[in-house]
Amino acid sequence: MTALRVLTVDDEVLALRRLKLLLQGIPQAEHIGEASSCEEAIAMIASLAPDVVLLDVKMRDGSGFEVVEALATRPNPPAVILVTAFDHFAVRAFESSVADYLLKPVERGRLSRALAKAADQLRAMDAEQRLSDLQQVVRNLRASARSNGKMPFETEFWVRSGAGLIRISVETIECVSSEDEYIGLHTARGSHLMRSSIRQFQQRIEPDQFVRVHRRWLVRKSAIAELRTQRLGGAEVILRNGKRLPAGRVYLKELRRSILSA
């Protein structure tokens, strides 16, 4: 059997690396490239013409839905396997759909089965029918998101640790620091870097868990033990673990409000 030519799309470097490693262990798959944005994904689908696209649902510059919709202009669209961390709406969306989905963290066995299903789809359906099914997937997902009243939020992140990957649950994060193109996720068990920004991190998690205390620091509200005003007009936040962080003047009003309402 000819190997499926697979393009991976995700805005997290470590997620792309994980998918690449998983694909290397699947004989029926050939990893031909990767994209880290919707715009890049659309361009690479046009230039590489993959058989299958592993497509992250949530991207920094949009969503996987937009990439699927862009396939309407292609005469021979690839099979699309959506990747998501949100099983509470993805399962319903795909119950009556031929397209497949993967829940993060992706496991090799599940990925292999999804690729086998994609191969069956490519053999059994013509391009027009595949496109019609992809459009139905988008309608299902958007309808599910609307019925929930909001888009779901991420509850964990996979980050690099030594030569491997480690899962960081959002509820274990005590504070987040800005580190140039990265952020530091600080937990009781250690700190880890992830390529992102504090603003992007806030957009991906459930709101009201954290409060911005400084341009470089985001803190879990429940981790705050004390807000201390200094003599020269500055302030600092003292966490329950004893860690001291600067509190910027522009954030003090919101910080005080958050503490009082906690």
Pull up region 226-244, narrow it to residues that are touching a Lys or Arg at 6+ places or on another chain (Cβ under 8 Å) and outside any strand (DSSP E or B), then point me to the one that is surrounded by the fewest Cβ atoms within 10 Å (Cβ to Cβ).
Gly233
Using beta carbons and a limit of 7 Å, which pairs, at least six apart or on different chains, have the first residue in region 224-237 and polar (S, T, N, Q) and the second one assigned to a strand (DSSP E or B) and surrounded by 15 or more Cβ atoms within 10 Å (Cβ to Cβ)?
Thr229/Ala235; Gln230/Glu236
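Would you check if Ser47 is without any contact (Cβ under 8 Å) to a residue 12 or more places away in the chain and either at negative phi or hydroxyl-bearing (Ser, Thr, Tyr) (or both)? Walk me through how you get there before you give the answer.
On the way: without any contact (Cβ under 8 Å) to a residue 12 or more places away in the chain: yes; either at negative phi or hydroxyl-bearing (Ser, Thr, Tyr) (or both): yes.
Judged against the criteria, Ser47 is a match.
On the given criteria, is Arg212 of a type in the set (Lys, Arg) and buried (at least 16 other Cβ atoms within 10 Å of the Cβ)?
Considered against the rule, which asks whether it is of a type in the set (Lys, Arg) and buried (at least 16 other Cβ atoms within 10 Å of the Cβ), Arg212 comes out as yes.
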Among Arg160, Arg199, the single one that is modelled with pLDDT under 95, assigned to a strand (DSSP E or B) and either over 15 Å from the mean Cα position of the chain (by Cα) or basic (Lys, Arg) (or both) is Arg160
Counting residues that are under 24 Å from Ser197 (Cα atoms) and modelled with pLDDT under 85, which helices (runs of 4 or more DSSP H) fully inside region 1-90 reach at least 1?
64-70
Go through (1) assigned to a strand (DSSP E or B); (2) over 23 Å from Phe153 (Cα atoms); (3) touching a residue at least 24 places away in the same chain (Cβ under 8 Å) and name the single condition Leu218 misses.
(2)
Here are the criteria: (1) surrounded by 12 or more Cβ atoms within 10 Å (Cβ to Cβ); (2) more than 29 Å from Glu12 (Cβ to Cβ). Tell me which single one Ala223 does not satisfy.
(2)
Quick test of your reading of the structure: His192 fulfils all but one of (1) at pLDDT below 80; (2) in a strand (DSSP E or B). Name the failing condition by number.
(1)
If we ask which residues in region 120-157 are closer than 20 Å to Arg60 by Cα and modelled with pLDDT under 70, their number turns out to be 7
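The values are calculated or read from the model by the stated rules, or taken from the named source; none is laboratory data. Predicted, not measured: the structure shown is a model, and the values here were computed from it. Glycine gets a Cβ as well: all are built from the backbone with ideal geometry, and neighbour counts include every protein chain shown.
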